[in-house]
Amino acid sequence: MADAGAPAALEAAGLRKTYGDFVAVEDVGLSLAPGASLALVGESGSGKTTTARMIAGLEAPTAGTVRFDGRVLPGRRARTAVRGSFAGDVQMVFQDPYASLDRHQRVADSISEVLAHHTDLRGSALARRTAELLDQVGLTAGQARSLPRALSGGQRQRVAIARAVAVRPRVLVLDEAVAALDVSVQAQIVTLLRELREQSDTAYLFITHDLGIVQHICEDIAVMHRGRIIERGRTLSVLERPGAAYTRKLIDSVPRRGWTPKRGATA
Ligand SMILES: Nc1ncnc2c1ncn2[C@@H]1O[C@H](COP(=O)(O)OP(=O)(O)OP(=O)(O)O)[C@@H](O)[C@H]1O
Ligand SMILES: [Mg+2]
């Protein structure tokens, strides 16, 4: 996963989360090198979102640590000002972008706002960077002037992605970010994510149910089952030759939509 010797963008160790007696996540460790792409897959309830929320600092781990370039992420109770300074470390994109967008704010303004908050850009430099981001995620000038309700689900997800990459995070966590989209729109967003990934050394943690798309985005894969990571490796080799019986079952349960693991198809 991470290159030996290269400092990890993200290092999560011994993550555990319990809700009362229920263990949602147990002893999860992840290491992402700059520019790495890891798919986190597993059935519903296996602990993917809980893991992601601990990595993003939205949920305090019961045990374990999360480090970015060796620095420990402050917990949920830390002052907002402290947590805000970690925005450049980790950003998260969710399944429903509408919920995270201000419905009264025009698209371009919502991107400028993030930039103004986390960078020194002002005035024309701010406008230039906003336009650049809009262009990068494939939104038109007309869409940039729109309110979120005037956009399609795929377009809204482009806005959420632009806001997330605006602060050039070390790690971008996408939790079922394309799950609610039509297949053709999914493919467009997957292509966009691949392009963005190639343009920066941000590490991607891509959470999905959909084994059919992981090979298009992620070089590596980790399989979660009942709160634990039970298998990990190169995406293609795991999909072609799963080691764990559970992984094989997961692969067999995927509606095929005509995919077969193909050597060399990984981004
Ligand atoms: N706040 C909470 N209180 C109690 N239980 C919780 C809480 N959050 C998550 N859980 C439980 O922890 C387990 C893991 O949930 P999580 O959302 O991480 O799963 P997931 O892998 O993301 O599933 P899905 O694919 O459906 O999104 C589930 O059994 C869930 O019910
Ligand atoms: Mg989830």
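The values are calculated or read from the model by the stated rules, or taken from the named source; none is laboratory data. Quantities reported herein were computed from a predicted structural model and do not represent experimental measurements. As a convention, Cβ positions derive from the backbone with ideal geometry for all residues, glycine included, and neighbour counts pool all protein chains shown. Accessible surface is based on the protein model in full, side chains and every heavy atom, while ligands, DNA and RNA are left aside. Shrake-Rupley method; radii C 1.70, N 1.55, O 1.52, S 1.80 Å.
Per the Debye calculation on the chain with a single equal scatterer at every Cα and no solvent contribution, log₁₀ I(q)/I(0) for q = 0.09, 0.13, 0.16 Å⁻¹ amounts to -0.40, -0.86, -1.28. I'd like the carbon and sulfur percentage of the solvent accessible area for segment 98-168, probe radius 1.4 Å, heavy atoms only, ligands and nucleic acids excluded. Result for segment 98-168: 47 percent of the exposed heavy-atom area is carbon or sulfur. Using only the Cα atoms of segment 211-257, build the gyration tensor, take square roots of its eigenvalues as a ≥ b ≥ c, and label the shape rounded, prolate or oblate: rounded if a/c is under 1.5, else prolate if a/b is larger than b/c, else oblate. Judged from the Cα gyration tensor, segment 211-257 comes out oblate (a/c at least 1.5, b/c at or above a/b).
Count the DSSP beta bridges whose two residues both fall in segment 128-267, then state the antiparallel fraction as a percent rounded to the nearest 5. About 55 percent, rounded to the nearest 5. If R0 equals 51 Å, the separation of the Cβ atoms of Ala131 and Tyr19 corresponds to a calculated FRET efficiency of about 0.70.
Across the chain, C-alpha contacts under 8 Å between residues 6 or more apart give a mean separation that, scaled by the residue count, equals a relative contact order of 25 percent. Within 12 Å, Cβ to Cβ, of Phe94, how many net charges do the neighbouring residues add up to if Lys/Arg are +1 and Asp/Glu are -1? Combined, the nearby Lys, Arg, Asp and Glu give 0.
When you count the other C-beta atoms within 10 angstrom of each residue and take the mean per peptide, 31-41, 192-202, 232-242 line up highest first as 31-41, 232-242, 192-202. Normalised by the number of residues in segment 98-168, the mean separation of alpha-carbon contacts (under 8 Å, six or more apart) gives a relative contact order of 48 percent. Think of a 1.4 Å ball rolled over the protein heavy atoms: the chain then has 47 Å² of accessible area per residue. DSSP beta bridges in the chain, what fraction antiparallel, as a percent rounded to 5? Just about 55 percent of them are antiparallel.
Size descriptors for segment 98-168 (Cα atoms only): Rg and Dmax, in that order, 10.9, 31 Å.
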